[in-house]
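Read the figures in this text as sums done on the coordinates, not as results from a lab. Fair warning: this is a prediction, and the values are worked out from it, not measured in the lab. When we count neighbours, we look across all protein chains shown, and the Cβ atoms used for this are built from the backbone with ideal geometry, even at glycine.
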Amino acid sequence: MTAAYLHIPFCDHICFYCDFNKVFLEGQPVDEYVDLVVREMAIMKERHPDEKVETFYIGGGTPTTLTAPQMEKLLVGVQTYFPMSKEAEFTVEANPESITMDKFKVMKEYGVNRISMGVQSFNDAILKKIGRIHTSDQVYECVKLAQKAGFDNMSIDLIFRLPTQTLSDFANTLEKAMELDLPHYSIYSLILENKTIFFNLMRQGKLPLPSEDEEADMYALAMDTMAKFGREHYEISNYAKPGFQSQHNLAYWRNENYFGFGAGAHGYIDGIRYNNNGPIQHYLEPLRAGESPILYQKELTRANVIEEELMLGLRTMNGVSRSGFQQKFGEPIENFYANEINGLMTKELLKIEDDHLRLTRKGKFLGNEVFQEFLFN
């Protein structure tokens, strides 16, 4: 299958932990951006006329900073150049503070059928500390509004290992999240990315984070809570009711083709990874002249593809099929990674089960240690 990601880089406020490509909304050429990202889709459709998109994801930034008319223009563009079947998963990220019924109605009218909401925590004091501008009350309002608009496929993002967060506080957030009874939850550990406010505070010794043991306890609590409520742990950070796994993200983890549209977006088509110009004006400039905004592209070697097959596939609880690998690459996995696999199995981080290579429960806590083993030197 082929997926598509479209990036809206505008935000009303910059969160302290975020390193995605984003800018303050005020004073930005939003109308021109919408027009030209539609032009980028037209250019890519011309280059790849036979490529059919089976899942589409609009993320950010904050896509819901767009007005309803801007959202409509964007979605008309999507349906013009990459029309999908009604059954195809079409996700838009929504922030509780910037969504309205008008925006939900426009999304519904143009085929959006899944909403992903940035919630992060149900503790209002912690939300302030991490730079979020919504409250937990607004989350409930947003969910009700989405349901009223006819959306039943919804996901929320939560983060643990936040400054001053305790295990009991995270337990409270999980409890409130489960009361919403949504079909999908994404639960991430805080990563301190370079050039973020949190990274700078950490370097100054001013970021009171939970310990590694507390972080591990929070992850264990998330896994156990999700299992208790019937949400299958299908990827390191993702949990869903049966039939509600994110098809878009599964396309990434299965190493399948995807388009990347918008400023700073990445794509992977026909064995070539590419990324667009990131700064808004650098992205818009070539498109004004009818040219592609791609800044850099690289054809992957066979070794690159094998690396990614393992590192992405092992993020999922299904793991990597050994027979599937052999069929795809003409050789067994052990021809490339026998020592690494044996070493990780000895450490009880990896197991072979139903002809699949999978993380053990211990391996889920030490995922990065596992994935690094599969990098070719």
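Brief remarks follow.
- A crude spin-label estimate for the pair Asp50 and Ala338, with each label 7 Å from Cα along the Cβ direction, gives 4.0 nm.
- Note, ³J(HN,Hα) from phi for segment 139-148, Karplus 6.51, -1.76, 1.60, rounded to Hz, x at Gly and Pro: 5, 4, 4, 5, 5, 4, 4, 4, 5, 5
- Per-residue HN-Hα couplings for segment 224-236 [Karplus 6.51, -1.76, 1.60; θ = phi - 60°; Hz; x = Gly/Pro]: 5, 5, 5, 5, 4, 9, x, 9, 6, 7, 9, 8, 2
- 5 angstrom amide H check on Val119, placed H, neighbours 5+ away: Asp157
- Relative to the current alpha-carbon distance between Gln79 and His266, full extension at 0.36 nm per residue lengthens the span by 65.3 nm.
- Sum of -39500 (n - 2.57) over DSSP H runs of 4+, divided by residues of the chain (222 nm, nearest 500): -12500 deg cm²/dmol
- Spin-label pair Asp217/Asp355, simplified geometry with 7 Å Cα→Cβ offset, distance in nm: 4.3
- Backbone N within segment 266-307 under 18 Å of label point (7 Å from Glu32 Cα along the Cβ vector): 277-294
- Cα-based Rg and Dmax for segment 64-142, where Dmax is the largest Cα-Cα distance (Å): 14.3, 44
- Amide H contacts of Gly260 (H built 1.01 Å from N, under 5 Å, at least 5 apart or other chain): Tyr5, Gly267, Tyr268
- Taking every DSSP beta bridge that has both ends in segment 147-256, the antiparallel portion is near 50%.
- Cysteines without a disulfide-compatible neighbour (Cβ-Cβ under 4.7 Å), the chain: Cys11, Cys142
- Ignoring aspartates and glutamates fewer than eight residues from Lys298 along the same chain, the ones with Cα atoms less than 15 angstrom from its Cα are Asp270, Glu308.
- Förster radius 22 Å - calculated FRET efficiency between Ala171 and Asp137 (Cβ-Cβ, nearest 0.05): 0.65
- 13 Å beta-carbon shell around Lys45, net charge (K/R +1, D/E -1): -1
- Our estimate of slack between Met1 and Phe199, defined as 0.36 nm per intervening residue step minus the Cα-Cα distance, is 67.6 nm.
- The percentage of C-alpha pairs in segment 83-189 whose separation is greater than 20 Å is 39%.
- DSSP beta bridges confined to the chain are antiparallel in about 40 percent of cases.
- On full extension, the segment bounded by Ser189 and Arg288 gains 31.7 nm, given 0.36 nm per residue less the C-alpha separation.
- Scaled against the 2.2 N^0.38 Å expected of a compact globular protein of N residues, the Cα radius of gyration of the chain reads 1.00.
- Taking Lys and Arg as +1 and Asp and Glu as -1, the other residues whose beta-carbon sits under 11 Å from that of Leu287 total -3.
- Per-pair calculated FRET efficiency, R0 = 51 Å: Lys86 and Ala303 via Cβ, rounded to 0.05: 0.80
- Unsatisfied cross-links (Cα-Cα over 31 Å) in the set Lys22/Lys362; Lys73/Lys129; Lys105/Lys176: Lys22/Lys362; Lys73/Lys129
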